[in-house]
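Down below is the structure, laid out as structure tokens.
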Amino acid sequence: NGRANNATKPLNRLLVFGLGNVGTLVAQRSTSFKISDNQNKSAPFFGDVYGTTRSVKEIAGVQAIHFDSYQELEDIIPSCTHVLITIPPVNPPSSIDSKSNATTLVGGRPRCWKFFCDPVLNHPNFHLQDLVPANTWVGYVSSTSVYGNHDGGWVTEDSEVKCKPGTKGKLYFRAENEWREAAQECGWNLNIFRSSGLYGDGRSAIHTIRKRGAALGLSNDRNTAPEKNRPKAEAPTSRIHEEDVSQAILSAMARKKLASPCCLWNLADNYPAPRAEVMAFGTEILREENLLPPMVGGQSSKKKKQSERARRRLTDRKRVANQRMKDLLLPEGKLIYPTYREGLWSVLNSNREEWSSDAASE
């Protein structure tokens, strides 16, 4: 049995589907993740850590597997005690030809199950439900976009889901329900993490400012304009640093199975803030450290297509409550980065050397 093949090694084995920003960070942190045993001694929690990728990726202590290497995955999955899915959902085929579906080979066998919007459940080469044993910890990283618009009010894990058809939130909610059904069918210990806007050392407001220019972060009169005259985009939005997401997910992995068939977690920091406020702060600290790029000269006459994320900032007005996460998943209930201010300073310091070199060469 792969779960107990070495008495001197931790029995837990983790497989992360999707070595993107969050998946990579969880995989990296899991290699050194420790918990206290009965003698109050700190012991490693995972013996082996695997992660799927579609490109060549090397992470110390993590065995990378190509997403389409179904034979290797089929060999590994049954022995994994924890499986985390970070890959976003996609639109499945709108119509299915039952005849062609019946002859689609999956690992040498005919495919005989429905299509999913989750790429892992819909893997072209294996049926996950045949491979993951009962009582396996399964985590799915979803999005707080499932809540839709709550007119600026606070949303908890018990709040109504109001996402509209055709939105990314609706797709995430469908994927959540696919995982709920699969977990109920297979007896998995399911955890769904509804994450707020993610940022970290590789992507953040200050990355955006440096890429697009200082003008993007300027909003000097935002505090002087009467509230009734402020643009709708000034509504507070929630976000969370990727390190805090990683911390919360790993803590959830170490929790004992609860009576509930599915644990739901909101992931957000303590201070929802308008994007303009965050961008202005990013501009301020970049200027303070002499890392502010040149001002953008004029505005482009070409009108850019508004992204769904930008539209959501206008239409899906909500603040994400994080009390359950703090009470049950975080050490002493504390975030590493309680607000965007601490988080952006950390991002700046992590990139300081590279950005200073860029500034010197300009």
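Every residue in segment 240-254 that is open to solvent by 30 Å² or more (accessible area, probe 1.4 Å) and at pLDDT 95 or above, please.
Glu243, Gln247
Specify which of the listed residues (Asn220, Asn270) is over 13 Å from the mean Cα position of the chain (by Cα), at pLDDT 95 or above and in a loop (DSSP other than H, G, I, E, B).
Of Asn220, Asn270, the one residue that is over 13 Å from the mean Cα position of the chain (by Cα), at pLDDT 95 or above and in a loop (DSSP other than H, G, I, E, B) is Asn270.
Quick check on this structure: which one of Thr52, Thr86, Thr8, Thr81 is at pLDDT below 90 and among the β-branched types (Val, Ile, Thr)?
Thr8
Within segment 255-267, work out how many residues are outside any strand (DSSP E or B) and surrounded by 16 or more Cβ atoms within 10 Å (Cβ to Cβ).
We begin by selecting, within segment 255-267, every residue outside any strand (DSSP E or B); these are 255-261.
The next check asks that each one be surrounded by 16 or more Cβ atoms within 10 Å (Cβ to Cβ); those that pass are none.
Final tally of qualifying residues: 0.
So which pairs qualify, if the first residue must be in segment 17-32 and within 20 Å of Pro89 (Cβ to Cβ), the second must be basic (Lys, Arg) and modelled with pLDDT under 95, the Cβ gap must be under 7 Å, and the two must be at least 6 apart or on different chains?
These pairs meet every condition: Leu19/Lys57.
Among the listed residues Glu176, Glu185, which satisfies the condition of being free of Cβ contacts under 8 Å to residues at least 60 places away in the same chain and over 21 Å from Thr144 (Cα atoms)?
Residue meeting the stated conditions: Glu185.
Mind counting the residues in segment 120-141 that are among the hydrophobic types (A, V, I, L, M, F, W, C), within 20 Å of the chain's Cα centre (by Cα) and in a loop (DSSP other than H, G, I, E, B)?
The total comes to 2.
The values are calculated or read from the model by the stated rules, or taken from the named source; none is laboratory data. Only a predicted model underlies this, so the values are computations on that prediction, with no experimental measurement involved. Note that we place each Cβ from the backbone using ideal geometry, even for glycine, and neighbour counts take in every protein chain shown. For accessibility, only protein heavy atoms count, side chains too; no ligands or nucleic acids. Shrake-Rupley method; radii C 1.70, N 1.55, O 1.52, S 1.80 Å.
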